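Below is one structure; the comments refer to it alone.
The values are calculated or read from the model by the stated rules, or taken from the named source; none is laboratory data. None of the values given here were measured: they were computed from a predicted structure. Cβ placement follows ideal geometry from the backbone for every residue including glycine, while neighbour counts extend to all protein chains displayed. Ligands, DNA and RNA are stripped out before the accessible areas are found, and what is left, the full protein with its side chains, is counted by its heavy atoms. Shrake-Rupley method; radii C 1.70, N 1.55, O 1.52, S 1.80 Å.
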Amino acid sequence: MAVSTFCRKCNTHFKIENGKAVAQPDPYKNKDRSKSALNTSASDRIKPPQGDADPNGPKTTTSPKQAPALKPKKNSLFQKNKTELREIFCFNCKASLKISPSSTSTLCAKCSSYISLKNFDIRERWSRRIQTQGDVFIHKKGTVAGTTIQCHNLTVEGDFTGGAECSGDLIIRRNGKIIGKVICRRLIIEKRAKVEFLNTVETSECKIDGLVTGNIICSGRLALEKKAILTGNIKVGRLTISEGAKHQGQIQMGRL
């Protein structure tokens, strides 16, 4: 005779007493519930808060902010140097080169000749040859005689009687007699300067505001300012003469 049985649908345990089935409590059911509650409370303590929640309302969650994607930074220094490359010329093969302004020397890409980019400040007597694509400044107490200066820009405030080959400007600010040959991109004779050239000057541009004696070949524009007095033959692409300027000599004008 059966004394107990199980429900086939929900597995509830029944005990038969006096011909009646009485449901019996499951001893493991409360234990499972207590373990589940403990696990839930532990996970709540470890889990970070997901947002502000209203106990009387629905829970709201906020997703963490995503950091903006980092854009690759451009090398501003490289870009700057790239846009400000300096043009120089090789003394040996006359090839044009473009280099960084911070360079102190380089090699010609065509003939591999060494090119110095050193600057010179001359404050005393100087008799050695100078060959650089840097700038040369002859101060008032400086003296350069019997030698040729090859450079980028040459500024003369002292005594200079040698020759000059400048890829940039030749600026003369005082009196002097230049015996050597002069070739430059631009010749500037400033006010109160008195200069005599014994050889023909070759330049692309020329601006005279002082007293000049000598022959000049200027492929571009030659400008005579108010205080200019030029004595000598000139060959120019263009000629501008300000009021008060004077010229004595032959003029050949046109494309050279």
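Looking at GLY214, GLY232, which one is at positive phi, of a type outside the set (Lys, Arg) and touching a His at 6+ places or on another chain (Cβ under 9 Å)?
One residue alone meets the criteria, GLY232.
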Would you confirm whether or not region 158-175 contains a residue that is loosely packed, with under 15 Cβ neighbours inside 10 Å and of a type in the set (Lys, Arg)?
no
Looking at this structure, is LYS207 touching a Leu at 6+ places or on another chain (Cβ under 9 Å), open to solvent by 90 Å² or more (accessible area, probe 1.4 Å), in a strand (DSSP E or B) and of a type in the set (D, E, K, R)?
yes
Which of the numbered conditions does GLU243 fail, given that it passes all the others? Conditions: (1) of a type outside the set (Val, Ile, Thr); (2) in a strand (DSSP E or B); (3) touching a Lys or Arg at 6+ places or on another chain (Cβ under 9 Å).
(2)
Going through region 115-134 one residue at a time, which ones are over 21 Å from LYS177 (Cα atoms) and of a type in the set (D, E, K, R)?
LYS118
Test: residue in region 184-193 that is touching a Leu at 6+ places or on another chain (Cβ under 8 Å), buried (at least 18 other Cβ atoms within 10 Å of the Cβ), farther than 14 Å from THR155 by Cβ and not hydroxyl-bearing (Ser, Thr, Tyr)
no
Being open to solvent by less than 60 Å² (accessible area, probe 1.4 Å) and either more than 40 Å from the chain's Cα centre (by Cα) or more than 18 Å from GLY237 (Cα to Cα) (or both) is the filter here; which residues of region 214-224 pass it?
GLY214
Name the residue that is farthest from ARG255 (Cα to Cα), counting only residues in region 209-221 that are of a type in the set (A, V, I, L, M) and free of Cβ contacts under 8 Å to residues at least 24 places away in the same chain.
LEU211
So SER112 ticks every box in (1) among the polar types (S, T, N, Q); (2) closer than 30 Å to GLY176 by Cα; (3) surrounded by fewer than 12 Cβ atoms within 10 Å (Cβ to Cβ) but one. Which box is left unticked?
(2)
